[in-house]
Amino acid sequence: MHYEDVMDKRPRTYAPYRTTLDERDLVRAAEELHENEDTRESSLALMREFIAKHPQIVRCRTDPVFLLRFLRYRKFNVNDACATLEGGLAFLMRMRTLYGAEVSSFHPNVQRMVELDAIVPLGQDRQRRTVILVRVGAMDPKETTALLQMRLGALVINTCLEYERTQVHGTVWVVDCSGMTMAHVGMWGLSEVKMMADSINEVVTMFVKEVHMVKVPRITWMLLDLLLPLLSPKIRDRFKFHRTEQELHSAIDQTLLPTTCGGQQSLKQATDNFRDMFEKQTKWFKLEEQFLMDLSIPAPGSSGSSARTAHRNEFPGEESMVGSFRKLTVD
């Protein structure tokens, strides 16, 4: 089966599942996610049937690794996995409508963000969780926007999710706030903050095990005081704050951290590894440019998960929000 055929919502044949997980991964998937050969095959079949029969879905990936990210994230509750897929597609369609070409992973502005090395996977820790570094100070507020920062985050997340081990073991985030200024805060309107929270809560199909905030200046709390209450309690409780790099070292393996954070890994090596990861998955990103959901067609039923998903993926305009960080005077 040619990989392009996976975009057909009703292909003649579906791509078979060939695991890339080892025994340790499979044991964790069974214990934590309720995954085994029986649940996997039957759940994939049900998700594919859902896609084939959904009146709004026109084009969508049906390959196992893509669908398993939803099933694993929802611990093989097929109804929840289908609702998350449906909501994610609707979210993407609305992003395209609101922001146009910049939503594409291959837009020149998004690719320039990649070159900043501002969000970089560092490797896997002893628990096989993927550690991801965010360098806030690397993103020049004069050259970027809140949307582009979110698009860079989405590109990194989706790249990591193409690897099954990340789907099973999840991620640990390290957010280095050194170099953050009022100008970084000022690029975030309240609607962008809510959009990011909605995306984290409802769209991103990645287990977030820990979020380590390092060297957080007071101005950062202008954003955090808005963002944290909007996140689910489970994710909110996983935020940890470190005043110094030394405090961070007690939580994150120094062999993974780059030398810029007092660790032992070359940041260049980590960024080269990520670029290699992205290049290997480029074919999937190009196919995802063809994702299509026709929101002009009524969703199945007028209540339930579809209606809730549609409601939570409507983005409020700036005019409906009280105040905006854009009104601040920034350097």
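The values are calculated or read from the model by the stated rules, or taken from the named source; none is laboratory data. Just so we're clear, the structure is a prediction, and the values are computed from it rather than from any experiment. A quick note on method: Cβ atoms are made from the backbone with ideal geometry, for glycine too, and the neighbour counts reach across all protein chains shown. Remember, those area values only see protein heavy atoms, side chains included, never the ligands or the DNA or RNA. Shrake-Rupley method; radii C 1.70, N 1.55, O 1.52, S 1.80 Å.
For the range 63-119, chymotrypsin sites (Phe, Trp or Tyr not before Pro) are listed when DSSP marks them as loop and at most 16 other Cβ atoms sit within 10 Å of their Cβ; the list is F106.
Checked against a 31 Å cut-off, the cross-linked pairs K209/K283; K194/K240; K194/K268; K240/K268; K142/K194 give Cα-Cα distances beyond that limit for K194/K268. Over all other residues within a Cβ to Cβ distance under 13 Å of S250, the charged ones net out to -2, with Lys and Arg as +1 and Asp and Glu as -1. What you get for the chain, charging only the Cβ of Lys and Arg (+1) and of Asp and Glu (-1), is a dipole of about 300 debye around the Cα centre. Applying a DSSP loop filter and a limit of 16 other Cβ atoms within 10 Å to the trypsin sites (Lys or Arg not before Pro) in the range 17-93 leaves R18, K75.
Taking the helices alone, the chain has a mean residue ellipticity at 222 nm of -13500 deg cm²/dmol, built from -39,500 (n - 2.57) per DSSP H run of at least 4 residues and averaged over all its residues.
Helix 221-230 axis versus longest C-alpha principal axis of the chain: approximately 20°, rounded to the nearest ten. The chain has equivalent-ellipsoid semi-axes of 32, 25, 18 Å, by the square roots of 5 times the alpha carbon gyration tensor eigenvalues, sorted largest first.
Could you check what % of the DSSP bridge pairs in the chain are antiparallel, to the nearest 5? Close to 30 percent. The mean accessible area for residues of the chain, using a 1.4 Å probe and ignoring ligands and nucleic acids, is 47 Å² per residue.
Taking a sphere under 11 Å around the Cβ of R18 and counting the other residues whose Cβ falls inside, with K and R at +1 and D and E at -1, yields a net charge of -2. The C-alpha atoms of the chain define a longest principal axis, and helix 64-73 lies at about 60 degrees to it. The overall shape of the range 1-124 is oblate: from the C-alpha gyration tensor, with semi-axes ordered a ≥ b ≥ c, the ratio a/c is 1.5 or greater and a/b is no larger than b/c. Beta bridges assigned by DSSP with both partners in the range 37-181 are antiparallel in approximately 45 percent of cases.
Counting only DSSP beta bridges with both residues in the range 116-185, the antiparallel share comes to about 45 percent.
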